[in-house]
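K.L.:
For reference, the structure I am asking about is given below.
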Amino acid sequence: MVHRFHATWSPGGAISRLIPLLALGVLLTACHDAERSLAPRSGGRQFSLSATQAVNGKIAFHSTRDGDFQIYVMNPDGSGVARVTNDTGGSVDPIWSPDGKRIAYANFHSGRSEVFVINVVGTGETQLTTDGGFPGAWSPDGTRIAFANSSDGDDEIFLMNPDGSGVTRLTDNSFNDRPSGWSPNGAQILFQSDREDGDEEIYVMNADGGGVTRLTHSPGRDEGDRAGWSPDGARIVFSSDRDAGQLHVFVMNADGSGVTQLTSGDFVDDDPVWSPDGQLIAFHSTRDGGDEDIFVMNADGSGVTQLTFNDGVFDAVPVWTQLVSLSNDAFANATVISALPFSDVVDISAASMEAGEPPSSCSGGSSSQRTVWYSFTPAVSAVVTASVAAQFSTVVGVYSGGLGSLAEITCRSPFVVRDATFLAQAGTTYHIQVDGMFGQTGVLELRLDVVPPPPNDLFVDATAIGALPFSGTVDLTAASTEGGEPSPSCAAPFGGVSSSAWYRFTPTETGSISANAFSGGFSNVVAAYTGTSVSSLTEVACGVFGNRTTFHAVANTTYYFQVGGLFGQRGPLEFRLEVTPPPVANFGFSPPDASTFDVVQFFDQSFDPGGVGFAPQAWTFGDGTTGTGNPTHRFAADGDYSVQLTVTTLDGRTAVASQTLRVRTHDIAITRFQTPNAASSGQTRRIVVSINSKRYDETVEVRLLRSVPGGFQQFGSLTQFVPMDPKSGTTNFNFTYTFTDDDAQIGKVTFKAVAVMSGARDALPADDEAIGPPTKVSR
């Protein structure tokens, strides 16, 4: 299928008829994978360029390789494909500006074709027409664009300035006229028309619309959508279906004589264009299997070479631009920037690095060594940022000094994500070096912009805060300090503040307020003042590194807040002002299972989000006593005591925390340990352990151990309920033990009893163990 735009119009057609065709193309391409490589297939043929051909600029074209029609550019060998547009509705039919920096094209996002222009790096997209249009040709001096418009029902030719202004009508008839090329000397415009015999022929007219001359006389279609003069103006290339109804590429002399067919076959070759040196012709063709791909051939039709290889994708309507010479390749020829904002689009592919030229420090050794230079001498001091837009990795460095003694001021690269921002001092010349990275090169856009100071840079312009809480962002990159401005006391150890912004707030109620600032990349300071002028301020509070600046604010008093960077650092930050939150009271104590024998240690765990600190704490222990600080206390009797902590910040905010402290005095004792005085080997004897609990019913485990060489070894245990008996009543734990030959050999055994309380801590554990007198053992 041949997918074309202009050349498929039927006689008498209008621009609006392209919309169904565009929709059809989108529908067809939707059947294919939209995620395709932007470079030719590695197995495809590669176009080998001579040294002369290698400088023949870029080829722009439209393609569906990413789903819908968009504008792309590539090197003349098919490599380095980069997407330029990212529009809705489809973008087609690109034409180059003579300087190779911009592309005009048609876009259908509004439901009809309108002419747009865009920087080749994809920035600065601008709509030029509002009532329909298709771009046709750009004048050689870059001052005018010829385009077609069908708002009156038929296609007519108009001229406009590159910004869309100054529209002038060149043709006015009931036929369809569409421009395709501008003569190299700027005197004539080539166009396509059906004005005489109803089919499309190629005509030429003067640039003012006069002197119309017919060049072709074919019974078929001679298309001029991309017909154009050779660079020397001697020949014209065009497409025609005079060969068996299939469009193919032809050339003729500039006067229409000497028509020569260059391509033939059972396929379509269309939209041919000259290379900048006139040695080659690019065109799109269906010869590779139905969809359109871009090819190039010698000017005599030989050496046809395929440049794009994308099955199921339409790559069509190539246009070729000359690679503009790099006048600022050398440091000595740096492009002079006279005023800001400044923007320049440049292709650094042919750039080089000269002797003595340093790579930018943040290139990390990965410079492509294809540098161009700019110079800027500001008349007034200002903060300036240098940025680069490109579809490949770039690095930009800013220097002062001469080529042999350059001092780098700042740089930006993929390794350093910040902008190349610097303070440009009046009268100092700065040199900006732009380069590719990782061997990459191509078209890029350099921008140099003044970074404006924040609107609240000056004390008198302090941002008024109406109600709390307040949060606002401010960029301190271009902020300054003014005469008489105080330096915050807490910033003194860190070199003070060199840039600041101001806020002001007048509370209607007395109370604590807190200010702080948050920044992602630098240290900051916030200070609060009272006073009426920048030179008569009295500091109230100060905080650094994002800490809160908290103070007691008096109703109807105006407070000023100074926000700045430390260590000379700058950038955006967020300033917050709020009513200071109350403190959070909390405490702990040890031991957690207190008894009347314990001295309990209390410790304050309170937190002040305002950061001002606390006055001495106030405690009540629930037994009629009080304390301050981090006290200790001993409770006289078991019970549940409500302990309360009251904290007060130094600016008067209070909070209270309460906990119930349970005092339980658990105490058991081994009151009797009955063991035999003597025994013989093999004899079983009784052992009794008596336990008393005076305060609570307890569950007790008694472990019985016997002496062995080196210590004691457990041989039995018994768990029993021990009721409370304040009168020293006991519960007996009865054990038996059978004496052994080993005991007899040693001659004695010593028994040990250990009582362990279950579920509670024994307040007096010293009487929980007992050791009986040795038992004599015989054979």
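The values are calculated or read from the model by the stated rules, or taken from the named source; none is laboratory data. Keep in mind the model is a prediction, meaning the values are calculated, not measured. All Cβ positions, even for glycine, are placed from backbone atoms using ideal geometry, and neighbour counts span all protein chains on display. These area figures cover heavy atoms from the full protein model, side chains too; ligands, DNA and RNA do not enter into them. Shrake-Rupley method; radii C 1.70, N 1.55, O 1.52, S 1.80 Å.
K.L.:
Only residues in the stretch 424-445 that are closer than 18 Å to GLU354 by Cβ count as the first member; pair them with residues that are open to solvent by 20 Å² or more (accessible area, probe 1.4 Å) and among the aromatic types (Phe, Trp, Tyr), Cβ under 9 angstrom, at least 6 apart or cross-chain, and list the lot.
P.N.:
Every condition considered, the pairs that remain are HIS431/PHE331; GLN433/PHE331; GLY436/PHE392; THR441/PHE392.
K.L.:
Scan the stretch 353-363 for residues that are open to solvent by less than 20 Å² (accessible area, probe 1.4 Å) and assigned to a helix (DSSP H, G or I) and jot them down.
P.N.:
Residues satisfying the conditions are CYS362, SER363.
K.L.:
Taking the conditions exactly as written (within 27 Å of SER97 (Cβ to Cβ) and without any contact (Cβ under 8 Å) to a residue 40 or more places away in the chain), does ASP288 satisfy them or not?
P.N.:
Against the criterion (within 27 Å of SER97 (Cβ to Cβ) and without any contact (Cβ under 8 Å) to a residue 40 or more places away in the chain), ASP288 does not qualify.
K.L.:
In this structure, does THR665 turn out to be among the β-branched types (Val, Ile, Thr), in contact with a Lys or Arg (Cβ under 7 Å, 6 or more places away or on another chain), over 30 Å from ARG779 (Cα atoms) and modelled with pLDDT of 95 or more?
P.N.:
Here the answer is yes, as THR665 does meet what is asked.
K.L.:
Could you please give the count of residues in the stretch 628-660 that are assigned to a strand (DSSP E or B), open to solvent by 70 Å² or more (accessible area, probe 1.4 Å) and under 19 Å from GLY613 (Cα atoms)?
P.N.:
Going through the stretch 628-660 one residue at a time, the tally reaches 3.
K.L.:
In the list ARG447, ARG412, which residue meets the criterion of being of a type in the set (Lys, Arg) and over 22 Å from GLY365 (Cβ atoms)?
P.N.:
Exactly one of ARG447, ARG412 is of a type in the set (Lys, Arg) and over 22 Å from GLY365 (Cβ atoms), namely ARG447.
K.L.:
Residues that are under 32 Å from the mean Cα position of the chain (by Cα): which strands (runs of 3 or more DSSP E) entirely in the stretch 504-615 hold 3 or more of them?
P.N.:
By residue number, 511-518, 524-530, 559-565, 572-579.
K.L.:
Give me the residue from the stretch 308-342 that is outside any loop (DSSP other than H, G, I, E, B) and either open to solvent by 60 Å² or more (accessible area, probe 1.4 Å) or in contact with a Leu (Cβ under 7 Å, 6 or more places away or on another chain) (or both) and, out of that set, nearest to GLY289 (Cα to Cα).
P.N.:
Once the filter is applied, the top-ranked residue is PHE342.
K.L.:
Hey, another quick one. Would you be able to tell me the number of residues in the stretch 734-779 that are under 60 Å from the mean Cα position of the chain (by Cα) and either in a strand (DSSP E or B) or on the phi > 0 side of the Ramachandran plot (or both)?
P.N.:
Of the residues in the stretch 734-779, 1 are under 60 Å from the mean Cα position of the chain (by Cα) and either in a strand (DSSP E or B) or on the phi > 0 side of the Ramachandran plot (or both).
K.L.:
Out of the stretch 186-203, which residues are open to solvent by 10 Å² or more (accessible area, probe 1.4 Å) and in contact (Cβ under 8 Å) with a residue 24 or more places away in the chain?
P.N.:
GLY186, ASP194, GLY198, ASP199
K.L.:
Restricting the stretch 343-352 to residues that are among the small types (Gly, Ala, Ser) and assigned to a helix (DSSP H, G or I), which is farthest from GLU445 (Cα to Cα)?
P.N.:
Applying the filter and picking the extreme gives ALA350.
K.L.:
In the stretch 298-307, which residues are at positive phi and crowded, with 17+ Cβ neighbours inside 10 Å?
P.N.:
Hit for the stretch 298-307 is GLY301, nothing else.
K.L.:
Look at GLY484 and say whether it is touching a residue at least 24 places away in the same chain (Cβ under 8 Å) and within 22 Å of ILE337 (Cβ to Cβ).
P.N.:
Against the criterion (touching a residue at least 24 places away in the same chain (Cβ under 8 Å) and within 22 Å of ILE337 (Cβ to Cβ)), GLY484 does not qualify.
K.L.:
Report, by residue number, each residue of the stretch 114-172 that is assigned to a strand (DSSP E or B) and aliphatic (A, V, I, L, M).
P.N.:
VAL115, VAL117, ILE118, ALA137, ILE145, ALA146, ALA148, ILE157, LEU159, MET160
K.L.:
Among ALA679, ALA657, ALA637, which is modelled with pLDDT of 95 or more and farther than 18 Å from PHE589 by Cβ?
P.N.:
The match here is ALA679.
K.L.:
Can you name every residue in the stretch 86-112 that is open to solvent by 20 Å² or more (accessible area, probe 1.4 Å) and within 16 Å of TRP182 (Cβ to Cβ)?
P.N.:
If the condition is that a residue be open to solvent by 20 Å² or more (accessible area, probe 1.4 Å) and within 16 Å of TRP182 (Cβ to Cβ), then TRP96, PRO98, ASP99, ARG102 are the ones that fit.
K.L.:
Out of ASP457, ASP419, which single residue is open to solvent by less than 20 Å² (accessible area, probe 1.4 Å) and among the acidic types (Asp, Glu)?
P.N.:
ASP457
K.L.:
If the requirement is being open to solvent by 30 Å² or more (accessible area, probe 1.4 Å), modelled with pLDDT under 95 and closer than 30 Å to PHE267 by Cα, which of these qualifies: ARG242, ARG214?
P.N.:
ARG242
K.L.:
Another question, if that's okay. Quick one: which of ASN149, ASN173, ASN107 is more than 25 Å from ASP194 (Cβ to Cβ) and of a type outside the set (Lys, Arg)?
P.N.:
ASN107
K.L.:
Criterion first (open to solvent by less than 50 Å² (accessible area, probe 1.4 Å), farther than 28 Å from VAL600 by Cβ and touching a strand residue (DSSP E or B) at 6+ places or on another chain (Cβ under 7 Å)) does PHE733 satisfy it?
P.N.:
yes
K.L.:
Okay, moving on. All but one of (1) at pLDDT below 90; (2) surrounded by 17 or more Cβ atoms within 10 Å (Cβ to Cβ); (3) in contact with a Leu (Cβ under 7 Å, 6 or more places away or on another chain) hold for ALA350; state the number of the condition that does not hold.
P.N.:
Single failed check for ALA350: (2).
K.L.:
Which one of the conditions (1) of a type in the set (Asp, Glu); (2) in contact with a strand residue (DSSP E or B) (Cβ under 6 Å, 6 or more places away or on another chain); (3) under 29 Å from VAL212 (Cβ atoms) does ASP293 fail to meet, given that it meets all the rest?
P.N.:
Result: ASP293 passes all but (3).
K.L.:
If you don't mind, there's one more thing I want to ask. Within the stretch 739-770, how many residues are open to solvent by 60 Å² or more (accessible area, probe 1.4 Å) and closer than 11 Å to ARG706 by Cβ?
P.N.:
Matching residues across the stretch 739-770 total 3.
K.L.:
Here is a further query. Taking the criterion of being crowded, with 21+ Cβ neighbours inside 10 Å, of a type in the set (Lys, Arg) and under 52 Å from the mean Cα position of the chain (by Cα), would at least one residue in the stretch 228-238 satisfy it?
P.N.:
Looking for residues that are crowded, with 21+ Cβ neighbours inside 10 Å, of a type in the set (Lys, Arg) and under 52 Å from the mean Cα position of the chain (by Cα), one finds none in the stretch 228-238, hence no.
K.L.:
Next question. If I go through the stretch 431-454 residue by residue, how many of them are within 29 Å of GLU482 (Cβ to Cβ) and crowded, with 22+ Cβ neighbours inside 10 Å?
P.N.:
The qualifying residues number 2.
K.L.:
May I pose another question? Let me confirm something: among ARG672, ARG686, ARG695, which residue is part of a loop (DSSP other than H, G, I, E, B) and farther than 30 Å from LEU577 by Cα?
P.N.:
Just one listed residue meets the conditions, ARG695.
K.L.:
Mind counting the residues in the stretch 256-270 that are open to solvent by 10 Å² or more (accessible area, probe 1.4 Å) and either under 23 Å from PHE147 (Cα atoms) or small (Gly, Ala, Ser) (or both)?
P.N.:
5
K.L.:
Now for a different question. Six or more apart or on different chains, Cβ under 8 Å: which pairs go from a residue in the stretch 596-608 that's within 13 Å of VAL656 (Cα to Cα) and in contact (Cβ under 8 Å) with a residue 24 or more places away in the chain to one that's aromatic (Phe, Trp, Tyr) and open to solvent by 40 Å² or more (accessible area, probe 1.4 Å)? Could you list them?
P.N.:
ASP604/PHE614; SER606/PHE614; ASP608/PHE614
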